[in-house]
Every structure is written in C-alpha cells, then in structure tokens.
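To start, the structure itself, in structure tokens.
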Amino acid sequence: MADWIGRNALPLTALTPLREIVGDAVAVGVGESAHGGRELFEIKARLLRYLVEHLGFRAIAWEYDWTLGRRVDEYVTDGVGDPRELLATAFVVWRTEEIAAVLEWLRAFNVAHPDDKVRFVGADIIASKDDGTIEQARLRHEKATGAVAKQEAKVVLAGHTFAQCAPDEWFAYRDRQMAENTVWWHEQTGAKIVYWAHNVHSANNPRRMTTGAHLRARFGPGYVSIATTFDHGSVNVGVPPAPVEVPPPPTAHWPTGSIVHIGPVTPSRMLSPRC
C-alpha cells in the first residue's frame, strides 16, 4: 500500500485531477473523518473553492439544520447578519474559525459574482421544529401549497418525526431526510451541489443507507463521494469540544473511494463566545 501511494499520490496543490474525478457529476459529497480537525476543514474548503470556481457548482448542502441554513443563505447571498453570530446557534462542531472562513469566502464570491451566486442549503432536520405538536406539523404539511411552502412544512414535520424515532432509527431517518432535501434543491434550481458532511454520511454505503447511498441511488454516477482522512494528530471531541490525541491507524487500515489523505492534524479553532 505504501508503495502504491508513493507512485500515485499527488500533492494537494494539484487539484486539477478533481475535474476528471468529478466528471459530469451533479452532486459531490465532501466528507471528513473527524469534525474537529483544523486541517480537514481547511482542505475541504480548498476542494469547495475548486468545485465552485472551476467546475460550476452553485450550491452547498451542509450537515446543518434547514431552518438555520436559511439564515446562513441570507448572509452568503445578501450579506444579512454576521457569520460568527449565525454559527453560535449551530451544532457545536461547526462553531469554528475554519467554518466561519468558509462562509466569508462564499459571501465574497457572491459579491464578486452577483448574477451567479452560490446558495447555502441546510440539509439537516434534527433541530427543525417549531413550537407546535407533531400533529399540527403534519396538518400544516398536508395543507401546504406551492413547492417551497410544502418543503418548509416537510422539514418541520421531519424534525418532529426524528425526535420521536427510536434511537436505532435515528441514523437511517436523518440520512434519508438529508438526501431528500439535497435532491429537492437540485430539482428546484438545477444547481450542481456540494454536500458537506462527515464521511459517515457522505459515503456511498448502501448497507447502512447513508445520505451518499441515497444520492447515488438517485443520481447514479452523477453522485461522487470524496473522503478526507488523516494519519494521526489531535482533534476536538465532545461537548464542549476538547482536544483528544489520535494515534496512527493500523498498518492494514485504509479507506476506500476517492480519498484526500493528510498527515498530522491539529484541533479546529473554536470561535470565541460573543457577549
């Protein structure tokens, strides 16, 4: 394996092979093997920039709640709000300087390309609940008219439903919903989409029916999954996040698929709380 890597690996400064890997794909999953690694986020940001600038991707569907994602989309498209304040309400793993830098880059790209903007889509549903009951959410979904209103009601209903699922059903239900929300955006807009998530979600794993597996079932070869992994280092884990040392993997361990592999990683830089 080490010999093969030595013959075939390319430096991360050479991103042009992405063009051949992605081909005509309409959706590309970009995963990370750990949410709390600074270099993993930074490498994914470089991949995202290439997909946007060179391959025409115009939406990023994130492992980020749908309703919160609407507020982030207002920032990246129209400059409404502050990215750090928006991230303060997100799942803790996204409250980092690296993720804030991604949002700021998306905003800068949209300022420079006002007629060709990149949109932000929160693909997740786990916090998309209002103050009503699940019965009220179901009724609202049944009565909703128009594609956008129907989708908004569906997401709220899905948030309620997720909360009532048995724990062993959480993963399958959540990943199916993230895939459906990503597909809905593509079908409504025609935009090519980058799906940003953990490797466990973005991978095409039909045995577990991950988001990536649903997207492959929908798009066939039009869905490409790219994983990012690391050799060893320290990553943030837990709530609140704290650095944890990760030793090198066993010699025989190597993931499959399209891989971006880096050496040691350091913990992501958490955003300072705002007063």
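So here's what we get for this one:
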quantity	calculated
Residue satisfying all of: in the range 89-129; touching a Lys or Arg at 6+ places or on another chain (Cβ under 9 Å) and assigned to a loop (DSSP other than H, G, I, E, B); farthest from residue 64 (Cα to Cα) among these	116
Check on residue 68, among the hydrophobic types (A, V, I, L, M, F, W, C), assigned to a helix (DSSP H, G or I) and at pLDDT below 95	yes
So residue 86, is it over 19 Å from the mean Cα position of the chain (by Cα), part of a helix (DSSP H, G or I) and free of Cβ contacts under 8 Å to residues at least 24 places away in the same chain	no
Criterion: within 27 Å of residue 246 (Cβ to Cβ), more than 14 Å from the chain's Cα centre (by Cα) and assigned to a helix (DSSP H, G or I) - qualifying residue of 20, 39	39
Filtered residue count, the range 44-78, keeping only those that are hydrophobic (A, V, I, L, M, F, W, C), over 8 Å from residue 120 (Cα atoms) and in contact (Cβ under 8 Å) with a residue 60 or more places away in the chain	8
Helices (runs of 4 or more DSSP H) contained entirely in the range 165-243, each with at least 3 residues that are in contact (Cβ under 8 Å) with a residue 24 or more places away in the chain and of a type outside the set (S, T, N, Q)	170-189, 211-219
The listed residue being surrounded by fewer than 20 Cβ atoms within 10 Å (Cβ to Cβ) and of a type outside the set (A, V, I, L, M), out of 170, 196	170
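The values are calculated or read from the model by the stated rules, or taken from the named source; none is laboratory data. The structure presented is a predicted model; accordingly, all values stated were derived computationally and were not measured. Neighbour counts are summed over all protein chains in view; Cβ atoms, including those assigned to glycine, are modelled from backbone coordinates with ideal geometry.
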